[in-house]
1. Return the residue satisfying two criteria in turn: it lies in segment 418-452 and is part of a strand (DSSP E or B) and closer than 15 Å to residue 400 by Cβ, and of such residues it is nearest to the ligand (Cβ to nearest atom).
2. What are the residues in segment 585-597 that are under 20 Å from residue 515 (Cα atoms) and crowded, with 22+ Cβ neighbours inside 10 Å, if any?
3. Which condition from (1) touching a helix residue (DSSP H, G or I) at 6+ places or on another chain (Cβ under 8 Å); (2) away from the ligand (no atom under 16 Å from the Cβ); (3) at pLDDT 95 or above; (4) not in a strand (DSSP E or B) is the one that residue 554 breaks?
4. Restricting to segment 502-519, and then to whatever is closer than 17 Å to residue 481 by Cα and surrounded by 20 or more Cβ atoms within 10 Å (Cβ to Cβ), can you tell me which residue is nearest to the ligand (Cβ to nearest atom)?
5. Of all residues in segment 333-364 being assigned to a loop (DSSP other than H, G, I, E, B) and modelled with pLDDT of 95 or more, which is nearest to the ligand (Cβ to nearest atom)?
6. Among the candidates 313, 287, which residue alone is away from the ligand (no atom under 16 Å from the Cβ) and closer than 19 Å to residue 419 by Cβ?
7. Mind listing whichever residues of segment 365-415 are more than 16 Å from the ligand (Cβ to nearest atom) and in contact with a strand residue (DSSP E or B) (Cβ under 8 Å, 6 or more places away or on another chain)?
8. Which residues, counting only those in segment 462-493, are more than 17 Å from the chain's Cα centre (by Cα) and not in a loop (DSSP other than H, G, I, E, B)?
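The values are calculated or read from the model by the stated rules, or taken from the named source; none is laboratory data. All figures in this text were calculated on a predicted structure; none of them were measured in a lab. All Cβ positions, even for glycine, are placed from backbone atoms using ideal geometry, and neighbour counts span all protein chains on display.
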Ligand code: WT7
């Protein structure tokens, strides 16, 4: 990489290899973004060509309507022609002593077809929703594709989510089938996933639980409901015709945290998503035939859908999925994996990078990481020092860092500089992808000049992969995305600014979403969980900056119903457990403070900003709107005493 005035550019040799290396691509796309996407769409396989590329009846829009396709024909059948025996997927299990599993494109094709046939036999039809609650094992990828093969809508639920979180999602989608596993390894322990699944399907419509054998742990079994995955697929045929899907039909529903307690199901459709997933992957990670791509994201998140599963397959490359934690059993496990497989493209989150930096220091000297060509970052802003460490120690100053901005809602990456063009600048995500139009608005909907912070908004024609709705909740769709600046402007909920070259820097969310180790949570959903505790009167959760995780939740709880004799330490522990039960271990508050009252405005709104500043020690600012200024002193005292009080 070449450095010039704070910006980094790819070298000549690097440019030579890159699919996209001329900035004229931006100009061309800008002239006619609809035509630009149409050209790309022509490069994937359609059963029937579309009638109209983009249609817009604000806020609703369609891409490639009238077109028909099946994403699995693009992921699998197409690849059999040229790369039948090429390795598609390498699975690295968590236990170091266990052997990896390797599936060629043909292997994957057969497994997907077999399972698709089995699902059909169980009565799964086009448009039916199927729940997937699986760890990172090959069957997770196979299950998603098997659903897509027959036109069933997959809803993946992160395997570390609690039974309650699983139940909420299954109830919302009315799924009748759930695919799970007996267990999986996490930091040397076997997690009994089947037990969580059993709890989670209570009070849902799930009538069959398909269980993949993974960890061999003991599980309970209900003969009328449970069925082994292996038994189901054993005698199935190797071929299942792909359901011909309309471009605008649902491919999947994925839940994410919104501005209120309940998660919302973002809906993604077959056509536009396929086009965007293929070409953002191809251009941003510069995917070539001989690449070994490793995206660390779990399939429970959108990154896991688009870049751990669909995009590598759409591009016919070899990719890795990893069951475990990147720092287990030793903090350098991630580097071992890169060396073992000769990974060329590595995609992870700033939280992981900061953790690697903390434990691994000068890792590059110990492992051969020189296979790496491109490094990716996603999920939260990457600070300059993490960027520099990643650049220097992992990429040995030769790999571009693509800092990719996107959201569950956008289906694929929308902002990042392209590796063959640049420029790259630490802490800036980069330029909008060609054919994508962003702006930064002040509250009045006026475009802001460089360096001014405002709302990041997406303008028509949006993106082919952008969500089409919130599952069964059209009102929420309108209110969340299409109401701040009218029906023609997509509101991202992020604040951002541009530099003089137009590179975008993300400042953070403007709603109550917090990014904890890159995971998306809302303070509202944590509060809803905590409020379920019988001794809690009210509470407020705020996100506090954290050196490794970016942000962590801290809870302030008022408990007027607590019997005098009950130690606060027990209440605090129960509150933490309550969050674990309702959401899962990723959401645990770092600290819980029991306070007498919360700072409120005269209209009764809790002022979370003050709580946050009290915790971080920042200046409190204007307190004149507070109805109960006395609380500030009380909370200050409580923070000072901290845990000692209990
Ligand atoms: C929110 C979306 C997109 C896949 C994973 C996250 C934040 C995402 C970046 C980045 C700064 C980022 C935004 C966004 N975010 N990528 N490169 N730099 N912030 O998807 O869980 O739906 O979260 O993550 O705040 O709105 P998600």
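1. So the first thing to find is which residues in segment 418-452 are part of a strand (DSSP E or B), and the list is 424, 430, 432, 437-441, 447.
When the remaining residues are screened for being closer than 15 Å to residue 400 by Cβ, the result is 424, 430.
Numbers: 424: 12, 430: 9 Å.
Selected residue: 430.
2. Within segment 585-597, the first condition is being under 20 Å from residue 515 (Cα atoms), and the residues that meet it are 585-592.
Correct list: 587, 589, 592.
3. (4)
4. First, the residues of segment 502-519 that are closer than 17 Å to residue 481 by Cα: 508-513.
Okay, now just the ones that are also surrounded by 20 or more Cβ atoms within 10 Å (Cβ to Cβ), so 512-513.
Working: 512: 12, 513: 7 Å.
Among residues in segment 502-519 that are closer than 17 Å to residue 481 by Cα and surrounded by 20 or more Cβ atoms within 10 Å (Cβ to Cβ), the one nearest to the ligand (Cβ to nearest atom) is 513.
5. Looking only at segment 333-364, we keep the residues that are assigned to a loop (DSSP other than H, G, I, E, B), and these are 342-344, 349, 361-362.
Of the ones still in play, those that are also modelled with pLDDT of 95 or more are 342-344, 349.
Numbers: 342: 26, 343: 20, 344: 21, 349: 8 Å.
Taking the candidates together, the pick is 349.
6. Working: 313 fails: closer than 19 Å to residue 419 by Cβ.
Answer to the check: 287.
7. Passing the criteria: 371, 372, 373, 394, 395, 399.
8. To start, the set of residues in segment 462-493 that are more than 17 Å from the chain's Cα centre (by Cα) comprises 462-464, 468-469, 471-491.
Answer for segment 462-493, where residues must be more than 17 Å from the chain's Cα centre (by Cα) and not in a loop (DSSP other than H, G, I, E, B): 469, 474, 475, 476, 477, 478, 479, 480, 481, 490, 491.
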